[in-house]
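Data first, discussion second: the structure below is written as structure tokens.
Read-outs: derived from the displayed coordinates by stated rules, not from any lab. Predicted model only: the values in this text are computed from it and were never measured. Quick reminder, even Gly has a Cβ in these numbers, built from the backbone with ideal geometry, and neighbours come from all protein chains shown.
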Amino acid sequence: MTGQYLSRQKLAEALADEQCLWSAAGEQVEVCEMIAGLSEPRSPLSPKGWLYPSLQSVGQYGDGFTSPPAEAPAPRAIIGLRACELAALKYLDKMLLEGQFQEPVYRSRRKSAVLVSTDCAAAAPTCFCTSVGGLPLADDGYDVNLSPVEGGFVVDVASDRGRAWLAAAGLECIPASADQLAQRDRIRRAVTEAVESQNRSTGLEVAQGQSLVLPDDGDPAWQRYAADCVECGACTNICPTCYCFYLYDQALGPGLFERVRTWDSCILGTYHRMAGTTSNMKPTPRPRLRSRLANRVLHKFTYAPQQCGLLGCVGCGRCIEACLGAIDLRQVVGELQP
Ligand code: SF4
Ligand code: SF4
């Protein structure tokens, strides 16, 4: 079903009684707040925090005890996903679902979620999806896409799950008029041009799946950027594609233990330390901050395309927004490209 129209008021009325309404960041929000957010730039947080929580018990064990399998979450719609977030989910799916092992919490939440995306009606100053082979509008990976136009949305439904969600929520659409479709296309062109224009001077231009040639992680050229890094880890925590984790065990009581997964960060000096000697941990293989920063960028722009055919960066710009050292990833890559 393509080219339907749904008014803002109908969306607000239909969702008013929903018990489980999630914004792009996976937080429960008021309906009016969620609907207003659909006309704003992408949210500061991505849905990674809900699909792949930062702190998660993965099981308990002990004397004669093993924890029962986790219950599958109730189906929920994540409303307001942007094209960059759908691209990030494609990447996370590859990393967390398509290898030898699947991440169980991500798998169950991912499979339970109805993905309701929105074209970007405005861009944040740090957005650069068009520099990494993307666009500020969804072209696949969604169940339902809402394109904001005057008074409502042009609706595209891409899956049976999306159709079922619309029906269950009582969201009846009517055929969009030629004017509404033309307005959708005008907004799409204008936002695409705005993102292209704000990034023209960065020098970053890479096609989806292209592996960039950048200095290796031992090259002193990275020091120019690492000098401003305070090792806070915000860039990896906020990134919708970063998935590194750390496992530890803790005692819950006599003979009862819990294994916990937390997000880890390749930028931290503690990353990759391993138990291995009786007296100490094996140190990180990258003791220099500049080589850890280089590794983070190389992983996204050089290694990931070689390993899985996808860039590890979707151009959301969140790491630029969050960086305490004011390091601009666009500038780093643009300047270091030969
Ligand atoms: S590296 Fe930065 S711009 Fe790229 S996807 Fe991660 S947070 Fe977004
Ligand atoms: S957000 Fe900036 S300062 Fe913090 S670790 Fe990342 S690059 Fe360094």
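Brief remarks follow.
- Over 19 Å apart at the Cα level, from the set Lys10/Lys48; Lys90/Lys300; Lys48/Lys300, are Lys10/Lys48.
- The Ser177 and Tyr303 beta-carbon pair, evaluated with R₀ = 45 Å, returns a calculated FRET efficiency of approximately 0.40.
- Extension gain, Lys90 back to Ala168 (0.36 nm per residue minus Cα-Cα distance, nm): 25.4 nm
- By the count of other C-beta atoms within 10 Å, a proxy for reagent exposure, Phe101, Phe257, Phe301, Phe128 are ordered fewest to most as Phe101, Phe257, Phe301, Phe128.
- Net lengthening on full extension, Leu97/Arg259 (0.36 nm per residue, minus Cα-Cα): 56.3 nm
- Given charges at Cβ of Lys, Arg, Asp, Glu: the chain dipole, positive-most of Cys120, Pro75, Thr236: Thr236
- Look at the alpha carbon pairs under 8 Å that are at least 6 residues apart: their mean separation over the length of the range 4-201 gives a relative contact order of 26 percent.
- Mean separation of Cα contacts under 8 Å (6+ apart) over length of the chain, as relative contact order %: 22
- The range 220-336, relative contact order [Cα under 8 Å, separation at least 6], %: 30
- Neighbour counting of Cβ atoms within 10 Å sorts the residues Thr262, Thr236, Thr241, fewest neighbours leading, into Thr262, Thr236, Thr241.
- Considering only the range 4-201, percent of DSSP beta bridges that pair antiparallel, nearest 5: 60
- Restricting the calculation to alpha carbons of the range 220-336 gives Rg and Dmax of 16.4, 56 angstrom.
- Largest-first principal axis extents of the Cα set of the range 131-180 (Å): 39, 28, 15
- Virtual spin-label span in nm between Arg224 and Arg288, 7 Å along Cα→Cβ: 1.6
- Using alpha carbons only, the radius of gyration of the range 4-201 set against its Kirkwood radius gives Rg/Rh = 1.01.
- Going from the fewest other Cβ atoms within 10 Å to the most, the residues Ser117, Ser46, Ser291 appear in the order Ser291, Ser46, Ser117.
- Extension gain for the segment Arg161 to Ala12, taken as residue separation times 0.36 nm less the Cα-Cα distance, is 51.6 nm to one decimal.
- The Cα atoms of the chain cover 71, 59, 32 Å along the three principal axes, with the biggest extent listed first.
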